[in-house]
Amino acid sequence: MLKQYETAKTDFVTAQPRFGSEVIEILSRTSFDEAEDEITAWEGYKPTPIFDLTGLAGILGLKAVCYKHEGPRFGLGSFKALGGAYAVLRSIQRELSDAEGRKIAVEEIRNGHFASQISEMTIISATDGNHGRSVAWGAQRFGAKCRIYIHAEVSPFRSDAMQKLGAKVIRINGDYDATVAQTRIDAEEFGWTIVSDTSWPGYCLAPLDVMAGYGVMAREIVRKLSEPPTHLFLQGGVGGLAAAVIATFHQEWGNAAPRSIVVEPELAPCLFASAKAGAPTSVKIEEETLMAGLSCGEPSQIAWKILENSVYGFITIPETLVAPAVRMLANGQSGDCRIEVGESAVAGLIGLICGATNPSLRDKMKLDCESRVMIIGSEGVTDPSLFQAIMADQD
Ligand SMILES: Cc1ncc(COP(=O)(O)O)c(C=O)c1O
């Protein structure tokens, strides 16, 4: 049954992580603390569950496989709920502080003291769905206007979800990277504030806030587990998720932090390309991957500074495995609980199964019967019609 993973066409590159101070300093402990204090006080906050996939671990010859399921996160369907909304708040805070000539406290924003100034602000962002939903939710929550730029392939359901949160959604004729470029042009022309999950030269404050927000998820894992996992499989879009989780784990667990492997679609392998080149490297997206959240051609510059220092290996996975992996989780493997997830959630799972079943990869990833693996299931069903279509198909 796992033959298709064993024989799948993957590309793997082993990196040479130095574990320099960048890994724990770019995203400081204080920035994680501040994000955690704020986000865990929001109404509806609840740690997301971690499921033990004992059946799968047995089949793969591993000691344990844990799956952190981000579907229930704040009712928004993905871990992204933690980042964009928090970065909206911090961006509003920075803008008000500049205008007022003093540091404005978050409490002053929350208690409505600056409501009329905030209502004049416009937050803009590019997204393939989940980040924009979080930004729209944050802008609505804190009272700013919001414009979200999506590319040609973003599904109508995901677009509607952002409009329902009060955002004006603008469809761009191009890919994700083209939408990012358009936000930069429009922000410059109209004086709007970009809250992006990716950073570029000269722009990193909001992406750092976004990643600090993701740290809440990583700390939930640290608090829940009795010992660190040996391996961590993380899906990569621009690299923000992977960088935030790895930075948190290194702060909390030091040398006992797990060996991290970044997993990307073969159609959008910008982090893999960066690892090979030894520098942030863009790839051209010729075709959209089913894993919409991972369809990014340019790495986040600031995330890459953490990743190049800390990732053990980068792997690309084929499209053909995405739907089978979604079905595997939804149906439960060998007695494991059933988990309904979206396409971007399963990349880490696919990377793990390919690694564990292919003898050469298993060796390179140092997976064995003592391995305890953590996977981040980064989204629940964020597009029900796509999920139904995947489930209607057969392996
Ligand atoms: C569900 C999901 N998983 C993973 C990612 C990748 O995160 P990053 O772009 O920070 O690497 C995204 C990005 O949008 C996503 O939506």
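The values are calculated or read from the model by the stated rules, or taken from the named source; none is laboratory data. In this text the structure is predicted, and so the values were computed from the model without any measurement. Using ideal geometry, Cβ is built from the backbone for each residue, glycine included, and neighbour counts are taken over all protein chains shown. Only protein heavy atoms, including side chains, enter the accessible area calculation; ligands, DNA and RNA are left aside. Shrake-Rupley method; radii C 1.70, N 1.55, O 1.52, S 1.80 Å.
If you average the alpha carbon positions of the stretch 55-73 and of the stretch 334-379, how far apart do those two centres end up, in angstrom? First find each Cα centre; the distance between them is then 7 Å. Electrostatic bookkeeping for F272 treats Lys and Arg as +1 and Asp and Glu as -1; over the other residues with beta carbon under 11 Å from its beta carbon, the sum is -2.
Projecting label points 7 angstrom from Cα along Cα→Cβ for W42 and C337 puts them 2.3 nm apart. Among 199-206, 299-306, 13-20, sorting by the average number of other beta carbon atoms lying within 10 angstrom of each residue, highest first, gives 299-306, 199-206, 13-20. Charge tally around W42: other residues with Cβ under 12 Å, Lys/Arg +1 each, Asp/Glu -1 each, net 0.
Near K168, the amide H atoms lying under 5 Å from its own belong to C146, R147, I148; only residues 5 or more places off or on other chains count, and H is placed 1.01 Å from N.
Close amide H pairs (under 5 Å, H built 1.01 Å from N) link C66 with L53, V373, M374, I375, residues at least 5 positions away or on another chain. Electrostatic bookkeeping for A64 treats Lys and Arg as +1 and Asp and Glu as -1; over the other residues with beta carbon under 11 Å from its beta carbon, the sum is -1. Computed from backbone phi, the HN-Hα couplings of the stretch 299-313 come to x, 6, 4, 6, 5, 4, 4, 7, 5, 5, 9, 9, 8, 7, x Hz, rounded to whole numbers (Karplus: 6.51 cos²θ - 1.76 cosθ + 1.60, θ = phi - 60°; Gly and Pro given as x). Backbone amide hydrogens, once placed in the peptide plane, bring I317 within less than 5 Å of E264, E266, excluding anything fewer than 5 places away on its chain. In a GNM of the chain with a 10 Å cut-off on Cα contacts, which of V245, V222, V23 has the highest mean-square fluctuation? Of V245, V222, V23, the Gaussian network model singles out V222 as fluctuating most.
Normalised by the number of residues in the chain, the average gap of Cα pairs under 8 Å and 6 or more apart makes the relative contact order 24 percent. Computed packing ranks the peptides 342-351, 211-220, 235-244 as 235-244, 342-351, 211-220, most packed first, by mean other Cβ atoms within 10 Å. Based on C-alpha pairs under 8 angstrom that are at least 6 apart in sequence, the stretch 249-395 has a relative contact order of 21 percent.
Highest mean first, the peptides 50-61, 83-94 sorted by other C-beta atoms within 10 Å per residue fall in the order 83-94, 50-61. What the phi angles of the stretch 49-66 give under the Karplus curve with 6.51, -1.76 and 1.60, with θ = phi - 60°, is a coupling list of x, 10, 9, 8, 9, 5, x, 5, 4, x, 5, 7, x, 10, 6, 7, 10, 10 Hz, glycine and proline written as x.
Among E189, E266, the order of accessible area from largest down is E189, E266, computed with a 1.4 Å probe on protein heavy atoms.
Applying both filters, DSSP loop and at most 16 other Cβ atoms within 10 Å, to the GluC sites (Glu not before Pro) of the stretch 51-151 gives E120. In this structure, the residue pairs whose Cα-Cα separation is over 26 Å, taken from K284/K366; K284/K305; K9/K224; K80/K164, are K284/K366; K9/K224.
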